[in-house]
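In what follows, a structure is listed as C-alpha cells, so that the remarks can point back to it.
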Number of protein chains: 2
Amino acid sequence: MATEWLVRMGSMLLFYVSYLLCVCLGVLCLVFVSYWNSTWRGGFAWDGTARQFNWHPVLMVTGLVVLYGNAAVLYRVPLTWGQNKLPWKLLHASLLFLALILSILGLCAVFGFHNANGVPNLYSLHSWLGIVTTALFTAQWALGLAAFLLPCSPVALRGLLKPVHVWMGGAIFILSMASCISGINEKLFFVLNGNTNGTRPYSDLPAEAVFANSLGVLIIAFGLVVLQILSNKRWQRPEPGCEEETSRPLLDEDS
Amino acid sequence: MATEWLVRMGSMLLFYVSYLLCVCLGVLCLVFVSYWNSTWRGGFAWDGTARQFNWHPVLMVTGLVVLYGNAAVLYRVPLTWGQNKLPWKLLHASLLFLALILSILGLCAVFGFHNANGVPNLYSLHSWLGIVTTALFTAQWALGLAAFLLPCSPVALRGLLKPVHVWMGGAIFILSMASCISGINEKLFFVLNGNTNGTRPYSDLPAEAVFANSLGVLIIAFGLVVLQILSNKRWQRPEPGCEEETSRPLLDEDS
C-alpha cells in the first residue's frame, strides 16, 4: 500500500518536473523567436516589408508549436482529473483555436510580404509542408469541434474518431516541427549571405546564427518533451470504463 | 468466435496493406533521392567535388530514414510472431547497423566535400540537427546491443532500458525526418539560385524543384506510415507474460 503510494507520488513528481520543463522550453521558444526577429531582423510592422515577414516565424512558432503543444498536454495535468471534463475540453479547443488563428495570421504575414515584393508563393519544400500542416490543423480542429464538443454528436462516432483525432494530432505536431526547422534554416541562408546588409555569412556562425540555430534546438527539445509527456501511460487522465484503444498516441487528446 | 476471427483477419489484412505502403514509400524515397542526384546533380564520385556531396542525401535518406524505419517495424510482421525472437533481434540489429554505417559514410561524404572546397562544417541548423541525430543513433545502437543482445545483460536491466530504447528510437526517427527535410530545402536553395550552372531559380519551380520537393513529401509520408504501424497496439508482437509498459512507443522496438 505504502509502496503503491510512493510510486504514485514519484510518478506525479516526475510529471510536474516534465511539465515545468515543457512550460519553460515553450517560454524560451517564444523569447528566442521574438528576440531574434526584433533584434537582428529589424522588428515588426504590417507594411509589406521584411518587418511584416518577421511576424511569420513568431506567429508560427507561437501557434503551431508552443500553444499547440501546451493544448495537447492539458489533459495530463493531474489537477484536472477530479473535475468535470467539459471545461477542460473547452480550454483545449480554445487554446487550439487561438493557435490556429495565429498560424493563419502567420501565413497572411508571409503571403502579404511575398505579394508586395513580387516573390512567388509556395515553391519551397518548407512552404509545401507548412501549408499542408496548417490545412490539416484546420480540418483537425473543425472535425474535433464537431465530434467532441457538439452535444448532438453520437457517442459511437466519438469512439470511432478518437484514435484518428489522437493520431492526427501527433502527426500534425511532428509536421509543425519539421516546417519550423526548415523555415529557420532557410531564413538564415537568405539573410546571412555575406553580400547584403553588412551581415557576416551564415558559415561564419555570427551571433545571430548561433542564436537562431539555438531556437531550432529549443523547438525540437520542446517537441520531444511534449511527446514524452503524451507517451507516458501513467500520466493519462483516467477515464471511467474507457474502452481499449487500438491506436497508441503520438499526441493523445482525450475525447 | 467467428466475429473475433473476422476482426483479427481484418486487422492483419489492414496491417499488410500498411506494410506494403511502407515498403513502397521506402522504395520510392530511394528511387527519388538517387534519380535526383544522378540526373540533375551530376551523379556520384568520391573526389571532393559536388559529385561526392551527392552521396550525402542518398546515404542519409537510405540509412537514417528508409533502413531505420524498416528495421523499426520488423517485429510487427505477424509472420515473425510464432518464431524464436533471437533471429529477428539479430536482423533488427543488423539492419540498424547497416543504417548506421551508411549514415556515417553520408557524413564523411559531406565533410570531405566541405574540406576539399574550404567550406566550414557544422554551421547550419540542418547540420546541427543531423550530427546530433547520428550521435544519438550511434549511442542508441551501442546501448541496444549491450542491453538486448549480449547474453550476460540482466533481464532486470532489459526491462528498465526497454521503454528508454523504444522512446529514443522514435525520437531519433523524428529528428531524422526533420534533418532530411531541412537538408533538401537547403540544397535546393543552394543549387537553384538562377545565377550559376544555367539553372532556373527555385522560385520558378523547375522540374528538379518539383521532383526534390516531392522527395521531401515522400519522406514525411513514409515516416508517418512507419509511426502509424508502430502506434497500433493490435499489431504489436504478443509477448508471453510481458509486464505493463509505462512508456508508449513513438517507435516500438521490442526488447
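The values are calculated or read from the model by the stated rules, or taken from the named source; none is laboratory data. Just so we're clear, the structure is a prediction, and the values are computed from it rather than from any experiment. Please note: Cβ atoms are built from the backbone with ideal geometry, for glycine as well, and neighbour counts cover all protein chains shown.
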Under 24 Å from B:Phe137 (Cβ atoms), out of contact with any helix residue (DSSP H, G or I) (no Cβ under 6 Å at 6 or more places or on another chain), buried (at least 16 other Cβ atoms within 10 Å of the Cβ) and at pLDDT 95 or above, is that true of B:Leu218? no
Is it the case that some residue within region B:184-193 is part of a loop (DSSP other than H, G, I, E, B), over 30 Å from A:Val164 (Cα atoms) and of a type in the set (A, V, I, L, M)? yes
Of all the residues that make up region B:183-206, how many are closer than 24 Å to B:Asn121 by Cβ and more than 9 Å from every other protein chain (Cβ to nearest Cβ)? 6
Quick check on my filter: what residues within region B:207-220 are at the interface with chain A (Cβ under 10 Å from one of its Cβ atoms), touching a Phe, Trp or Tyr at 6+ places or on another chain (Cβ under 6 Å) and in contact (Cβ under 8 Å) with a residue 40 or more places away in the chain? B:Ala212, B:Leu215
Take the conditions under 23 Å from the mean Cα position of the chain (by Cα), modelled with pLDDT under 95 and not aliphatic (A, V, I, L, M) and apply them to B:Tyr75. Does it pass? yes
Just to be sure, is B:Ile131 modelled with pLDDT of 95 or more, surrounded by fewer than 22 Cβ atoms within 10 Å (Cβ to Cβ) and within 14 Å of another protein chain (Cβ to nearest Cβ)? yes
Meets criteria (surrounded by 13 or more Cβ atoms within 10 Å (Cβ to Cβ), closer than 27 Å to A:Arg234 by Cα, aliphatic (A, V, I, L, M) and touching a residue at least 40 places away in the same chain (Cβ under 8 Å)) for A:Leu14: no
Can you name every residue in region B:110-128 that is buried (at least 21 other Cβ atoms within 10 Å of the Cβ) and more than 8 Å from chain A (Cβ to nearest Cβ)? B:Val110, B:Phe113, B:Ser127
Counting residues that are over 16 Å from A:Ile181 (Cα atoms) and of a type in the set (A, V, I, L, M), which helices (runs of 4 or more DSSP H) fully inside region A:19-108 reach at least 1? A:50-53, A:68-72
I'm told B:Cys152 meets every condition in (1) part of a helix (DSSP H, G or I); (2) away from chain A (no Cβ under 14 Å); (3) not charged (D, E, K, R) except one. Can you identify the failing condition by its number? (1)
Boolean, A:Ser103 is at pLDDT 95 or above, among the hydroxyl-bearing types (Ser, Thr, Tyr) and exposed (fewer than 15 other Cβ atoms within 10 Å of the Cβ): no
Which of the residues that make up region A:168-183 are surrounded by fewer than 23 Cβ atoms within 10 Å (Cβ to Cβ) and touching a Gly at 6+ places or on another chain (Cβ under 8 Å)? none
